[in-house]
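Scroll down for the structure; my scribbles are underneath it.
The values are calculated or read from the model by the stated rules, or taken from the named source; none is laboratory data. Note that the structure is a prediction, hence the values are computed from the model and not measured. Note that we place each Cβ from the backbone using ideal geometry, even for glycine, and neighbour counts take in every protein chain shown.
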Amino acid sequence: PSAIDAVPAGTNVDIEGNGEILKITAEPVTGTRRAVAGPDGRIADVVFDRMPSPDVVERTGYRPGLLALTFDDGPDPTWTPRILD
């Protein structure tokens, strides 16, 4: 393969949706392409067999007017019922 066949995935992150809950839905993929030579030996076309893509992060949980409580270290038998009350 030639040096131009691999197309790096890049370092950007594609963020889709709205909200504070994040989920990684795709990891980076390196793209591949082939240069097609014309009759004169120069590149006449480039064919992409696979397009490169970055990390994809899906955002969810956007609910206007609502409040979400999360318990990172809970539930706690003393404090959780009091907070929910």
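For LEU66, state whether it is in contact with a Leu (Cβ under 9 Å, 6 or more places away or on another chain) and modelled with pLDDT under 90.
Numbers: in contact with a Leu (Cβ under 9 Å, 6 or more places away or on another chain): no; modelled with pLDDT under 90: yes.
Against the criterion (in contact with a Leu (Cβ under 9 Å, 6 or more places away or on another chain) and modelled with pLDDT under 90), LEU66 does not qualify.
Out of segment 58-85, which residues are part of a strand (DSSP E or B) and of a type outside the set (D, E, K, R)?
First, the residues of segment 58-85 that are part of a strand (DSSP E or B): 58-60.
Result: THR60, single match.
How many of the residues in segment 1-49 are within 21 Å of the chain's Cα centre (by Cα) and free of Cβ contacts under 8 Å to residues at least 24 places away in the same chain?
Count: 1.
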